[in-house]
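Worksheet: the structure to be examined is printed underneath.
The values are calculated or read from the model by the stated rules, or taken from the named source; none is laboratory data. Note that this is a predicted model, so its numbers are computed, not measured. Don't worry about glycine lacking a Cβ; one is built from the backbone with ideal geometry, like all the others, and counts go over all protein chains shown.
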Amino acid sequence: MSTEAPAAGRIVLLTASHRVAPGLLSWPAWQTLHAADRVVCADEAHPQLPYLREAGITVEHTALTAEELVDACAGSTSRAGGAGAEGPGEGRTIVVLPSGEGDRALTDGLARLAGSGRVQMPDLELLPGSYDLPGARLLDLVQVMDRIRRECPWSSQQTHEGLAKYGIEEAYELVEAIEDGDRDELREELGDVLLQVVFHAAIAQEDEAEPFSIDDVAGTIVEKLIHRHPHVFGDATAETPEEVREHWLRTKAIEKQRDSVTDGIPLGQPGLALAAKLASRVRTAGLEVPLPAGEGIGYALLALAVRAEANGEDPEAALRAAARAYRDAVRAAEGQE
């Protein structure tokens, strides 16, 4: 390394999100690339390279060490044989395109030189060329799930039918996290529910007769949301939550072309939730339907559920809250023994 004090120059580590299509770089990134004295990249298969070539940017395929990079920025001859005038010169800007895994040896070497105090260091800059868009990590989830589906002995054998019970379990665990008010648990349980969706979609795309992918799932729900929110995406108006609900139910009825307000209500859900859902459909439709007469706890619970729904209460949630209180009382009693 030169013993004289050359102008230090500038090293720019240009990163880009692998979740954004190659070539979609920020304007500051393109400006820096065009103005740089050299652009270097050790990875000949770097996804950005074809787009940089199209933009007229020359990229050198070379793996410079930290010392070589500092020398090259100062304008002295690179130990790797790169261009540059002998001895001190004007500081130069060199852009480095790290590999997808990062260039740990290079960054550690630069940190070591900077900490030594014996080397006049160039300016070091980390320039993000692109940022993750909201929801970009969902792409990671899909990729991870696809690999697990291919390579995991257990996951590769799963079917929609075999996973059904886990969907129910995860939904209940999500409800419990919400009721507990535990934010960390809520985030984790939302992830577990999301996993069920991605897992089922991975299985569905392998079906020979009627395959569909996670993109088809997302596309379907996007179309449904837009169609059922004409007050957001169309010319309709809705000033209150009640008007929104009327829009939703009216649109849904047209889509499904159902013969009864009870169509589409899953009978396998918990009893109180089922009773409340039936009562909600009847009330929304403006029907006058007397409760069936009968003896026993079932009819009494039905009446209670219908009354709770009419009062804007969720009987299932109310019973769970009461059961939690009962559980706490049991634990308290156990502690006194």
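Each row is one residue, and each column tells you yes or no for (1) at pLDDT 95 or above; (2) among the β-branched types (Val, Ile, Thr).
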site: ARG10; (1), (2): no, no
site: ALA21; (1), (2): no, no
site: GLN31; (1), (2): yes, no
site: LEU52; (1), (2): yes, no
site: GLU68; (1), (2): no, no
site: ASP71; (1), (2): no, no
site: GLY75; (1), (2): no, no
site: VAL95; (1), (2): yes, yes
Could you please let me know if THR237 is outside any helix (DSSP H, G or I) and loosely packed, with under 12 Cβ neighbours inside 10 Å? yes
Kindly indicate whether GLU334 is acidic (Asp, Glu), modelled with pLDDT under 95 and in a loop (DSSP other than H, G, I, E, B). no
Residues that are at positive phi and surrounded by 11 or more Cβ atoms within 10 Å (Cβ to Cβ): does segment 263-286 have at least one? yes
With respect to the numbered conditions (1) within 27 Å of VAL20 (Cβ to Cβ); (2) assigned to a helix (DSSP H, G or I); (3) within 20 Å of the chain's Cα centre (by Cα); (4) charged (D, E, K, R), which one is the sole condition not fulfilled by ASP132? (2)
Considering each of GLN120, GLN143 in turn, give the residue that is polar (S, T, N, Q) and either in a helix (DSSP H, G or I) or free of Cβ contacts under 8 Å to residues at least 40 places away in the same chain (or both). GLN143
Answer with yes or no whether ALA317 is in a helix (DSSP H, G or I), touching a helix residue (DSSP H, G or I) at 6+ places or on another chain (Cβ under 8 Å), without any contact (Cβ under 8 Å) to a residue 60 or more places away in the chain and under 22 Å from VAL175 (Cα atoms). no
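Residue-by-condition table, conditions (1) in a loop (DSSP other than H, G, I, E, B); (2) in contact (Cβ under 8 Å) with a residue 60 or more places away in the chain:
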position	(1), (2)
VAL20	yes, yes
GLY23	yes, no
TRP30	no, no
HIS34	no, no
GLU44	yes, no
TYR51	no, no
GLY56	yes, no
ASP71	no, yes
Of the residues ILE226, ILE254, ILE221, ILE265, which is over 27 Å from GLY167 (Cβ atoms), free of Cβ contacts under 8 Å to residues at least 40 places away in the same chain and hydrophobic (A, V, I, L, M, F, W, C)? ILE254
State all residues of segment 26-45 that are surrounded by fewer than 19 Cβ atoms within 10 Å (Cβ to Cβ) and not aliphatic (A, V, I, L, M); if no residue qualifies, say none. SER26, TRP27, PRO28, TRP30, GLN31, HIS34, ASP37, ASP43, GLU44
